[in-house]
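Structure first, commentary second.
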Amino acid sequence: FVARTIDSDRKHLTEVLRAAAEHPGTALVEIYQNCNIFNDGAFDALKDRQQAEEAVIRLEHGQPIRFGAEGARGVVRDRRTGDLEVVTVTPENEAELLVHDAGAASPTTAFALSRLADPDTLHHTPIGVFRSVERPVYDEQMTEQLDTAIEQKGKGDLGALLAGGDTWTVVG
């Protein structure tokens, strides 16, 4: 599970953190948060309502990626290079808009979306859930492995193992 949100957007922040908490396994949430000592004002372009409308790309699973005033801008994949590009949406390219799939098996598109923002201006910054894929988690797999071993070989006895005759000598 990988997502990004902004500290000042309480509704979005709450939704993302709730989704991360409900996700089985590891979850990584990047929170753009102002620090008045080290990065004061660094995320103002994403917090100002007027600027944010043109800068923030809200990712919604299963929806074409559009943003800006009346959804005038969108994200497409360049057929030649495979890179993601921000374009002005026209009737000619509307069908080419990338539909966000947070559950895609490959992380390639999620990573490309995470890198879409201009690092200096933060224009075209996607926020939301980039990736949410369910896979077996470590503790469940470990429990299954232990249960299988007990089922096949019995519970085991540590004392018998330590006092047993299966020993060796190391000669150096």
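The values are calculated or read from the model by the stated rules, or taken from the named source; none is laboratory data. Since the model is a prediction, treat every value here as computed from it, not as a measurement. We place every Cβ from the backbone using ideal geometry, glycine too, and count neighbours over all the protein chains shown. Surface areas here come from the heavy atoms of the whole protein model, side chains and all, with no ligands, DNA or RNA. Shrake-Rupley method; radii C 1.70, N 1.55, O 1.52, S 1.80 Å.
For this structure, a couple of remarks:
- For Lys153 and Thr26, the FRET efficiency from 1/(1 + (r/R0)^6), where r spans their Cβ atoms and R0 equals 45 Å, is about 0.90.
- Of Thr121, Thr143, Thr88, the one that fluctuates the most in a GNM where the chain has Cα springs shorter than 10 Å: Thr143
- Where Asp157, Asp9 fall by accessible area, highest first, once all protein chains stay in place (1.4 Å): Asp157, Asp9
- Ignoring the sites themselves, the chain has its longest run without GluC sites (Glu not before Pro) in a DSSP loop having at most 16 other Cβ atoms within 10 Å at 1-59.
- For trypsin sites (Lys or Arg not before Pro), the sites in region 47-146 that DSSP calls loop and that have at most 11 other Cβ atoms within 10 Å are Arg79, Arg80, Arg115.
- Region 137-172 versus region 64-90: alpha-carbon centroid distance in Å: 56 Å
- Estimated [θ] at 222 nm from DSSP helical runs (n ≥ 4, -39500 (n - 2.57)) normalised by residues in the chain, nearest 500: -8500 deg cm²/dmol
- Per-residue HN-Hα couplings for region 131-139 [Karplus 6.51, -1.76, 1.60; θ = phi - 60°; Hz; x = Gly/Pro]: 8, 9, 10, 8, 9, x, 9, 3, 5
- Put a plus charge on the Cβ of each Lys and Arg, a minus charge on the Cβ of each Asp and Glu, and nothing anywhere else: the dipole of the chain about its Cα centre is then about 20 debye.
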